[in-house]
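Enquirer: Let me give you the structure first, and then I'll get to my questions.
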Amino acid sequence: MRGKDDRDRLLGAPTGLDPANANRGAINPGKWIVGILCAAVFLFAVAAAYLVGQKSTEQPAPATTVTRSTLTPVAAPQAPNPPIAAKPMPQQLALGPIGASDWEKLGMGCACAFEVGKKIIFVAGGDNRAIFRPNGIRKVCALGSEQFTHLYENNEGKIECAGSRLSILGRGNVTPGEDGHSMSARMTAEGGGQEVTLSGHWNCQC
């Protein structure tokens, strides 16, 4: 009977253990499932919040609509008006007086001279030459004998010499003298884009 008691003791429930304490260390499957579900819900909420934030930061800025009222018209640059060129005023030609050296160039013989006031500004004759000084520069021109005779007898004529032109025209009555004659006259001289017309006396002597 002792052997049976020992077998029953070995196969029976352990003595000295509280059934409540025996179940304390046992794993409850229901609690694990609830914990896993809570963790999954939390992770899903965090992921959703992150995605929403990313989407809001990646949205492009709203396009600005340009309307006609918002544009400021820019005036096209205008070329400056060209300056108005002033009309060139005609320059007056200055005729210098005939000096002693000019008379020497003239030579001997009959001669005619145009005189303004007490200054002689043109002479012709002698050795068939004409001398005058436009702007102070002496010019000596050759005259034909017929050209000088026309000046002497008709008190008028035209001379072209060294880029200058002169015209002499007697006016009024001729005043005879001992060796010649004189009369009022007008002379026009042109050269280098300049011109002058003078009134004076035409004197001829031999």
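Every number here is computed from the coordinates shown, using simple stated rules; none is lab data. From a predicted model like this one, the values you see are computed outputs, not experimental measurements.
Enquirer: Amide H to amide H under 5 Å from CYS110: which residues, 5+ apart in sequence or cross-chain, H placed 1.01 Å off N in plane?
Expert: It is GLY126, by chain and number.
Enquirer: Could I ask something else about it? From the convex hull of the Cα coordinates of region 144-206, what is the mean projected area in square nanometres?
Expert: On the way: hull surface 18.0 nm².
For region 144-206, averaging the hull's shadow over all directions gives 4.5 nm².
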